[in-house]
Every structure is written in C-alpha cells, then in structure tokens.
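These notes concern the structure reproduced below.
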Amino acid sequence: MQNEQEFSKAEKFWMNFKLYQLWRFIVLNVKIYTIAVQSKWH
Amino acid sequence: MAKVLVIGAGFAGHTAALYLGNKIGRQHEVTVISNRDVFGYVPSWVWVGVGHMKPEKTIFKLKPVYDRMHVKFVHASAKEIHPDDGDQYVLGDEVGTGKEVRLDYDYLVIAPGPLLNFAGTPGLGPENGFTHSICSLPHAIKTRDAYLALCDRMKKGEKVKIVIGTGHPAATCQGAAFEYIVNVHKDLVKKGLRDKADILWLSNEPALGDFGVNGVQIKRNGVVQKSDEFIKSVFNDHGIRYQVQTGVTKVEEGRIHWQNYEGEEGTTDFDFSMLIPQFKGQPFKYIGKDGSDVSSKLINPMGFVLVDGKYGLPYPELSQTPEAWPAQYQNPNYQNVFAAGIAFAPPGPISKPFTNKNNLAIAPAPPRTGMVSGVIGRVVAMNIADLIQTGKMTHSERMTEMVAACIASMGDSLWDGNAVTIVMRPVVPDRKKYQNEFGRDLFISHLEMGVSGAWMKFMLHYTFIWKFKGLLGWKLIPE
Ligand SMILES: Cc1cc2nc3c(=O)[nH]c(=O)nc-3n(C[C@H](O)[C@H](O)[C@H](O)COP(=O)(O)OP(=O)(O)OC[C@H]3O[C@@H](n4cnc5c(N)ncnc54)[C@H](O)[C@@H]3O)c2cc1C
C-alpha cells in the first residue's frame with residue numbers, strides 16, 4: 001500500500017494485469033487447496 | 001441399525017448428511033429434516049441482492065441428492081427435541097400439510113443455522129421494518145427489487161443515501177455485508193450512477209476489517225500488514241465512507257439510530273439500507289421425559305447449543321486459551337447430541353468486546369463461516385460414524401486449528417471484476433502455538449485484491465455446488 005489510505009497506481013496495475021492475475025489465480029488456488037485439505041486429516 | 005437424524009440442510013447439516021450417507025448410509029438410517037427442500041448456496045446471495053445472479057442458480061433440490069447418497073429426507077420444520085434416554089425423538093411440522101412428524105434418533109446433529117433476530121432491533125428487517133437483508137434467499141430477492149427500484153430513481157437524477165453494515169450491536173457476518181457494499185459500489189459504477197449515491201459502511205466492528213475475527217494480519221516482504229489498513233484503502237479507493245464502533249439500536253423509516261463506543265447517540269438517514277441482524281439459535285423446545293424443560297442442559301441463553309467448549313472464561317483468559325474452543329461439538333449432558341455450524345455455542349467472542357458508558361455492549365459475535373460450518377459438519381459426521389462402528393471418536397477440529405478462506409467479490413465480471421482474497425490460519429487466534437501478538441500463522445494468512453479473486457469466487461460457486469450435489473469426486477473438494 002502506498003500509505004494507510006489508498007492503493008498506489010502500481011498496485012492497481014497489478015490487480016488488473018491479466019497475465020499476472022492468472023499467475024496469482026494458480027498460486028492462490030494451490031495455496032488454499034493445500035492448507036484447506038489438511039483439515040481432512042483431523 | 002442406528003438412527004442418525006440431522007436437523008437442517010445448510011453448509012453444516014448438508015455436509016454432515018453427505019459424509020454420513022457415504023460412510024454409514026447403506027447399513028444405518030440417516031435422515032435429514034429440513035424446512036426447505038432445496039440447498040441454498042448462501043455466498044452467492046450477495047450477487048442475487050444486486051441483480052447479478054438469478055436466484056435459481058443458487059439452489060438445487062435436496063431429495064435427488066439424498067436418494068443417491070442413502071439419506072432419507074423429511075421436508076418439515078423441527079420444533080421440539082426430546083433428548084432423554086430411552087425416548088429420544090424430534091417433533092416437526094411437515095411443510096405444506098402442517099402434519100406433525102415424529103423422528104426417533106440414536107444420534108442427533110442440530111444444524112439449523114441462525115434465527116435472524118430482526119426483533120432484537122426495533123424497525124430492522126424486510127418484514128416488519130425498514131431495512132433489507134441478504135441472509136435468506138427471499139430476503140435477497142426483496143433486496144434486489146428494492147435496490148433496482150433505487151437505481152431507477154437515481155437514473156432520474158435523484159441523489160440517494162445507502163447504508164450497509166450491521167443492524168445490531170452484537171451482530172456477526174460482517175464479511176457478507178462487506179461483500180455486498182463493494183458489489184453495490186461496483187454495480188453503480190458500471191451503471192454510471194456512482195456519483196448519485198453516498199455509500200456508508202456502518203458496523204459494530206472495533207476497527208475496519210475486523211470481520212468479527214480480530215482482523216486479519218499477514219506478513220509481506222517482512223512487514224506485518226493488517227486488514228484495517230487494507231480495507232481502509234479499499235473504501236477510500238471506492239469513495240465509501242465508514243463508521244465503525246457503532247451499534248444500531250433502532251430503525252425508523254429512512255433513519256437509523258445508533259450508539260458508539262463513546263456512548264454518543266446519533267442518527268443516520270438512508271434511502272436504502274442492508275443491515276445484518278443479530279443471530280440467535282433456532283427456538284426449539286427441549287423437553288425431558290417427564291415433560292420438563294431441559295433447555296438449560298442443551299442451550300445457552302442465546303439459544304445456541306452447548307458443546308465441549310469451556311464456557312464462561314473472561315475474554316483476556318479466553319483469548320489465551322485455545323483449548324477452550326470445542327473440538328468435537330458434542331453436548332456434555334446428552335452425548336449423542338451434536339451441534340454444527342452456526343448452531344453451536346462458541347465459548348466467547350474472537351474480537352475484543354467493548355461496553356460503552358451506557359452499558360451497551362458493542363462487539364461482533366464470532367462468525368461461523370461456510371467453511372467452518374462445513375468442517376464442523378464433517379467432523380461431527382465422522383465421529384458419529386466412529387461411535388456407531390467402533391464406539392470411539394477419532395476426529396476433532398477446533399476453530400483455533402481451522403483455516404478459513406473467504407473471497408469477497410466486487411462485481412462478478414470475469415474481465416473487470418475484482419475480489420479481496422482473505423486466508424487466515426487459524427480462524428480463532430492461538431497465541432500458544434503462534435507466538436506473535438495476533439496468534440496467527442502470518443506466513444499462511446493472506447490478503448490480496450485482484451481480478452484473480454473474481455475468477456476464484458466464480459469457480460467456487462460452481463465447485464461447491466458440484467460438491468454439495470455429491471457429484472463425482474465431491475470428497476476431494478475441501479469444505
Ligand atoms: C449473504 C451471505 C454471504 C456469505 N458468504 C460467505 C462466504 O463467501 N464464505 C463463507 O465461508 N461464508 C459465507 N457466509 C456465511 C455462511 O453462509 C454461513 O456460515 C453458513 O451458511 C452457516 O451454515 P449453517 O449450516 O450453520 O446454517 P445455514 O446455511 O443457514 O443452514 C441451516 C439450514 O437449516 C434449515 N432450518 C432452519 N430452521 C429449521 C427447522 N426448524 N427445521 C428444519 N430445518 C431448519 C434452513 O432452512 C437451512 O437449510 C455468508 C453468509 C451470508 C448471509
């Protein structure tokens with residue numbers, strides 16, 4: 001964050017840059033799946 | 001043959017029913033009693049409320065799923081629970097005919113979700129009040145209609161005031177209200193009407209981004225970031241005003257009355273408002289063999305089912321005692337009675353409670369989100385199967401161990417939609433295991449905004465409906 005108040009221009013760019021977001025989509029899916037599935041071992 | 005009865009077919013009850021049917025449905029009798037004959041995928045009601053998703057896309061019939069999963073379905077509203085040994089049954093009224101039904105059980109799962117306590121705030125709610133709600137599908141549809149009518153007024157040039165947040169000093173479910181406010185913002189931007197609306201976030205949270213879980217904290221590039229700064233940025237970016245530390249006490253036509261932490265009383269005017277009510281337990285009667293009221297053995301004063309948590313600890317002690325949170329969701333007095341989802345009584349709040357000088361407690365109640373409810377439903381189902389098959393429970397999961405992933409969408413477009421992805425582990429801080437001031441795993445916990453979140457939210461809608469339909473591979477999909 002630029003400061004406590006607003007997102008910077010660069011942050012907004014990355015939020016909407018589709019190729020980067022595709023990468024984030026994959027990373028987030030893998031991350032969430034791997035931690036969520038651990039619950040099944042309880 | 002054992003008889004297992006599940007009350008409610010939401011995130012918790014339906015998940016429990018799927019696992020029970022799968023594990024023991026062929027050999028034993030598993031029955032679900034629900035007052036609705038459809039499963040409702042609640043998270044997508046946010047989109048229904050802005051007119052972006054057809055209501056029928058968020059529901060499907062339960063009976064065909066249960067037929068495949070070896071589960072009996074009774075379309076009735078449960079009203080009485082008779083838990084005493086030797087004569088254990090639930091009474092309900094069949095939907096449509098009103099005929100009384102009696103369902104005997106050996107094991108009972110109470111998972112009927114919340115009673116939406118609009119009566120707790122005079123003037124609140126879509127039925128006898130002046131505000132809207134997205135907590136049930138009929139409410140979300142009514143909200144959509146009111147919202148679209150408001151848009152028509154704005155199209156004619158009228159400037160309006162929109163207030164979204166919590167409608168009771170002790171309300172929970174801030175996440176849903178947050179998702180709704182950013183969806184309204186996004187929708188108005190798309191319609192070219194954003195300049196016609198003043199949008200206010202009004203909530204009982206101690207700070208922005210608290211969400212009833214004491215906020216979310218993450219570590220990025222070695223620096224700790226907190227959800228209050230993040231959500232502040234979102235609101236500032238969207239031009240949404242905010243007022244936290246505020247408990248709504250009364251609503252009149254077009255006017256909300258509130259008190260804040262300082263004990264000040266004030267009012268806020270609105271043209272359209274969606275405020276989440278307080279949640280209570282469903283008002284079942286709990287009746288002993290001799291006809292006496294045994295509710296004190298089963299529920300707390302709010303109507304939530306007492307389970308294996310440590311109740312009554314003061315907040316400072318509770319926040320340092322992760323083992324106070326229940327692990328198996330089993331009632332200590334009736335060991336064949338379990339509660340799952342919103343129905344179980346948490347041992348206390350997660351966020352820091354606050355009482356103002358007028359003695360008004362302004363503090364979010366702990367949320368039991370869809371993921372948490374699903375996990376509890378599974379744990380309870382697996383333990384009941386254990387008890388039937390081996391006599392010993394082998395599963396447990398406290399909210400101080402659970403992970404939660406929440407995706408708060410901002411619009412549903414796959415091209416220019418957006419979403420905040422929030423991951424936290426654990427849901428309830430465990431200050432013994434994670435020795436930082438937040439009691440969370442700062443590496444796993446995550447806060448991010450971007451189009452990818454919108455894709456995830458869209459994917460989750462279809463993935464979870466697939467899972468809840470019990471289709472191929474449903475067990476591989478986490479709760
Ligand atoms: C708008 C909205 C958006 C949300 N978004 C998210 C999200 O993105 N992610 C997330 O994790 N959580 C989300 N949540 C929270 C989530 O929906 C709840 O945590 C979850 O639904 C709780 O599950 P439950 O099974 O306890 O209750 P419910 O899902 O409410 O299910 C209870 C069931 O019991 C039935 N029932 C009630 N009374 C009776 C009776 N007397 N007899 C028989 N049956 C009865 C009801 O019809 C219902 O089917 C959202 C909530 C809302 C309101």
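Brief remarks follow.
- Residue within region B:459-468 that is open to solvent by 20 Å² or more (accessible area, probe 1.4 Å), part of a loop (DSSP other than H, G, I, E, B), touching a residue at least 40 places away in the same chain (Cβ under 8 Å) and closer than 23 Å to B:V6 by Cβ present: no
- Checked against (1) assigned to a helix (DSSP H, G or I); (2) open to solvent by 20 Å² or more (accessible area, probe 1.4 Å); (3) not aliphatic (A, V, I, L, M), B:T143 passes all but a single condition, namely (2).
Residues are listed down the side, and each one gets a yes or a no for (1) more than 29 Å from B:I287 (Cα to Cα); (2) modelled with pLDDT of 95 or more; (3) within 14 Å of the ligand (Cβ to nearest atom); (4) small (G, A, S):
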{"position": "B:A327", "(1), (2), (3), (4)": "no, yes, no, yes"}
{"position": "B:A339", "(1), (2), (3), (4)": "no, yes, yes, yes"}
{"position": "B:P366", "(1), (2), (3), (4)": "no, yes, yes, no"}
{"position": "B:I376", "(1), (2), (3), (4)": "no, yes, yes, no"}
{"position": "B:M399", "(1), (2), (3), (4)": "yes, yes, yes, no"}
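- Residue match in region B:386-395 (condition: in contact with a His (Cβ under 8 Å, 6 or more places away or on another chain), among the small types (G, A, S) and modelled with pLDDT of 95 or more): no
- Members of region B:356-408 that are in a loop (DSSP other than H, G, I, E, B), within 14 Å of chain A (Cβ to nearest Cβ) and open to solvent by 10 Å² or more (accessible area, probe 1.4 Å): B:T369, B:M393, B:T394, B:H395, B:S396, B:R398, B:E401, B:V403
- Among the residues of this structure, B:K196 does not count as one that is without any contact (Cβ under 8 Å) to a residue 40 or more places away in the chain, crowded, with 18+ Cβ neighbours inside 10 Å and in contact with a strand residue (DSSP E or B) (Cβ under 9 Å, 6 or more places away or on another chain).
- Number of the condition not met by B:D195 [criteria: (1) at pLDDT below 95; (2) more than 24 Å from the chain's Cα centre (by Cα)]: (1)
- Considering region B:83-102, the residues that are closer than 23 Å to B:I376 by Cα and in a strand (DSSP E or B) include one that is least open to solvent (accessible area, probe 1.4 Å), namely B:V90.
- B:P277 being within 16 Å of the ligand (Cβ to nearest atom), surrounded by 17 or more Cβ atoms within 10 Å (Cβ to Cβ), within 14 Å of chain A (Cβ to nearest Cβ) and modelled with pLDDT of 95 or more: no
- Positions within region B:409-432 being open to solvent by 40 Å² or more (accessible area, probe 1.4 Å) and not aromatic (F, W, Y), in sequence order: B:D412, B:L414, B:D416, B:R425, B:R431, B:K432
- Members of region B:232-261 that are open to solvent by less than 20 Å² (accessible area, probe 1.4 Å), at pLDDT 95 or above and within 14 Å of chain A (Cβ to nearest Cβ): B:F235, B:I240
- Filter result (assigned to a loop (DSSP other than H, G, I, E, B) and among the basic types (K, R)) within region B:250-292: B:K289
- The listed residues are B:V65, B:V48, and the only one of them that is open to solvent by less than 10 Å² (accessible area, probe 1.4 Å), at pLDDT 95 or above, within 9 Å of the ligand (Cβ to nearest atom) and away from chain A (no Cβ under 14 Å) turns out to be B:V48.
- Pair list, Cβ < 6 Å and 6+ apart or interchain, from region B:161-182 residues that are over 16 Å from B:H52 (Cα atoms) to residues that are part of a strand (DSSP E or B) and of a type in the set (D, E): B:K161/B:D198; B:K161/B:D269
- Test: residue in region B:351-361 that is hydroxyl-bearing (S, T, Y), free of Cβ contacts under 8 Å to residues at least 24 places away in the same chain and more than 9 Å from the ligand (Cβ to nearest atom): yes
- Subset tally (residues that are within 17 Å of B:V216 (Cα to Cα) and more than 9 Å from chain A (Cβ to nearest Cβ)) for region B:442-457: 4
- Here B:T121 meets the list (1) within 30 Å of B:S445 (Cα to Cα); (2) open to solvent by less than 10 Å² (accessible area, probe 1.4 Å); (3) more than 16 Å from the chain's Cα centre (by Cα) almost entirely, failing just condition (1).
The values are calculated or read from the model by the stated rules, or taken from the named source; none is laboratory data. Just so it is clear, the structure is predicted and the values come from calculations on it, not from any experiment. So basically every Cβ, Gly included, is an ideal-geometry build from the backbone, and we count neighbours across all protein chains shown. Just so you know, the surface numbers come from the protein's heavy atoms only, side chains and all, with ligands and any DNA or RNA stripped out. Shrake-Rupley method; radii C 1.70, N 1.55, O 1.52, S 1.80 Å.
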